[in-house]
Amino acid sequence: MSFKFLQRPSFLHNVSCLGFTNCPRVYQFMNYGRFPPSFVEPVYHPDKFNKLNSEEVKELMHKNVKPPTTSQSASVFHDPHLEKLVNFVMKSGRKAKAREIIKEAFEKIKRAQVRKYHLANDSAKLKIPTNPLEIFHQALQNCKPVLTVTPVKRGGVVYKVPVALDDTKATRMAYKWLVETSREHEPRRNHTGVFFSDRLAKELMDASDNTGKTIKKKVELHKLCEANKAYAHYRWGK
Amino acid sequence: MENCMLRDDKFMDHGFMKREPKNTLAREHFENGKMNSISLLLRSNLRFSSIHNKSVVAYSSQAAKENVTIKKKKPISRAMRAYIDRVKQFEENLIVESKEYSDGKRFLANIMGEDPAHFTPKDVDKSVEYLLPSGLFQKLARPEMAPPEETIEKAKFDINGRPFHFLFYTGASHLYETQFETVKRINRAEKLLEQIHRKGHTPEKENKMDLVTSEWQDISEMEKTINESIRDDHFEQTMQALERLAQHPMSGHFKDFLMNYRKATTVNMTEMVFPEIQQDPDGRYSVQHTTKRKTAVATVTIRSPGEGKFVINGQPGLLYFSDVGAREHVLFPYQVTGLMEKVDTEVTVEGGGFNGQSGAIRYATSLCLAALVDEQGRVKLQLAGLLRRDPRVKERKKFGKAGARRGYTWLKR
């Protein structure tokens, strides 16, 4: 008699089990939790890999790497910011539809910009960007707020206290506003065949020029922070 | 138990069969002749949490002998005498227990059909788990057989009642000793650095310890290392001091000390087994592998050299998937290794949705390509996370919840 049957079942490939040995009574592959904190993000794009030096590669080889998610790919067309926008546009998990809408919006941006390009003078032509991705990145950059307000209760009164934002939070707000403003539309009786993709395209082009509804939102928030700057010290203390 | 018993005369001769068992239940069985050798052996040697009382403090036998000579000259306190008696009794008990353990281990090895000479404590644990399966949740409540030496605590006091350790009254002597030693070494490292700076040099890179190939022990491992239970905040304090020493430019001089509290890490890929490469009758090399993701199962066959042909379930190219994300998934490993048009691929996939299927294909393809490419290609695949199975699946719905985690809308009146 030996213990071979007590060992791990053979259908679990040894590669597949690495790092998940802490739950002997549950089947190894039924792990639907998150990865342990020791796991690091994958270097999934060849461009990113080429930037690593030999020491960084050595360090990463000693660590557990997470498998890439659905929104990570090594494609030449891959853009992490665009994937994020897809997730903000997506409703109830229909990612393919969201991708389709954004593709349409980008096509409309391209058409509009090329029309502008051909109508412009030779000297003005150079200043008109025709790459939709470039416009999107510029728009995102312009929409990021620097400050926001948080409610703080002092002596029974709730004050709006201005707080500085970090980059991740500011980017999140920019995505949210871009999609929110594009979803605001005229009442149905005035509907004239303007789709979400049209409004998103317009909003992105406007934001890249520092105009439009989203930029207005950002400026208004900054104004609110300016008005409430007297309460800034409420951030600290009790 | 009765069925797996081993009626071997050579084991019936042993002393433990002649001695009466302590346990009353066992004695009953013993007298009735029902108890077979194995169950008796296991019972007497099993360590349920309270058999060896940890509060009994062992005392070295040499010190006990010295006591006899001192006793005549100088009377010792009654408490101290009781302490020494307890120690003596414990040591005698220990000899008996050790013999029982070694006999029991040999006996278990014979039952399990293993070589008794190479029967490790790990094997003992396995066989106890197999012979006496327990459904109890608490690990302390499950049957266990361990060498009696594991439960000894070393002597803490000398004959005059003084503690051996200079930090005994801190309550965490070994931990504070570690901190003490660490700070001593940090000061020494500072002095070494100062010497180099005085000469007008800067310290070389080799003076710093290589921290990539090892990582810090966690709190439970540290507890085993210093043989003492550690409080969380104490652990943090100690780690701060150790980290400071490790990050010091002269830390290489104290490598041996630091490695007591670190564990070596290996390159993950060295443990991996890649699918075998076979040669087809037409002279081409082929690799085949089957993997899973969610509920999808994919079998991928890659032939090299090829022209970039790609077939999924008999359908040409990527037309099998309508989703763009799924297509990107399937192409992922080829883009990382740069073998897009140099190999032919044939895939059969079933079960799951498009994400599961493409994920399964991605994993199988990555493993097959890893078998074909050189070391650099494997490193690329490894860092892209493609050589690891994605174990995440949909989390089940829980009762009392709207989904896996989301609660129902609820308002207090």
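The values are calculated or read from the model by the stated rules, or taken from the named source; none is laboratory data. What you see is a predicted model, and the numbers here were worked out from it, not measured in a lab. Cβ: placed from backbone, ideal geometry, glycine included. Neighbour counts: every protein chain shown.
Residues that are over 40 Å from the mean Cα position of the chain (by Cα) and of a type in the set (S, T, Y) were ranked within the stretch B:296-338; the one that is nearest to B:L372 (Cα to Cα) is B:S304. Here A:I135 meets the list (1) part of a loop (DSSP other than H, G, I, E, B); (2) at pLDDT 90 or above almost entirely, failing just condition (1). When A:K95 is tested against (1) basic (K, R); (2) more than 21 Å from A:M173 (Cα to Cα); (3) modelled with pLDDT under 95, just one condition goes unmet, and that condition is (2).
Taken together, A:R94, A:R99 contain a single residue that is within 30 Å of A:P46 (Cα to Cα), loosely packed, with under 13 Cβ neighbours inside 10 Å and within 14 Å of chain B (Cβ to nearest Cβ), which is A:R94. The sole residue among B:E221, B:E228, B:E215 that is within 22 Å of the chain's Cα centre (by Cα), in a strand (DSSP E or B) and free of Cβ contacts under 8 Å to residues at least 60 places away in the same chain is B:E215.
For the stretch B:96-140, a tally of residues being aliphatic (A, V, I, L, M), under 18 Å from B:E150 (Cα atoms) and more than 14 Å from every other protein chain (Cβ to nearest Cβ) returns 2. State whether one or more residues within the stretch B:388-409 are of a type in the set (S, T, Y), surrounded by 15 or more Cβ atoms within 10 Å (Cβ to Cβ) and modelled with pLDDT of 90 or more. For the stretch B:388-409, residues of a type in the set (S, T, Y), surrounded by 15 or more Cβ atoms within 10 Å (Cβ to Cβ) and modelled with pLDDT of 90 or more: absent. Within the stretch A:34-91, if we keep just the residues that are among the β-branched types (V, I, T), facing chain B (nearest Cβ under 7 Å) and under 21 Å from B:L339 (Cβ atoms), the residue that is surrounded by the fewest Cβ atoms within 10 Å (Cβ to Cβ) turns out to be A:V57. The residues in the stretch B:372-410 that are within 12 Å of chain A (Cβ to nearest Cβ), within 30 Å of B:T266 (Cα to Cα) and not charged (D, E, K, R) can be counted, and the count is 12. Taking the stretch B:335-357 as the range and being at the interface with chain A (Cβ under 9 Å from one of its Cβ atoms) and without any contact (Cβ under 8 Å) to a residue 40 or more places away in the chain as the test, the residues that pass are B:Q335, B:G338.
Test each condition in (1) closer than 30 Å to B:F119 by Cα; (2) surrounded by 15 or more Cβ atoms within 10 Å (Cβ to Cβ) for B:E221 and report the one that comes out false. Result: B:E221 passes all but (2).
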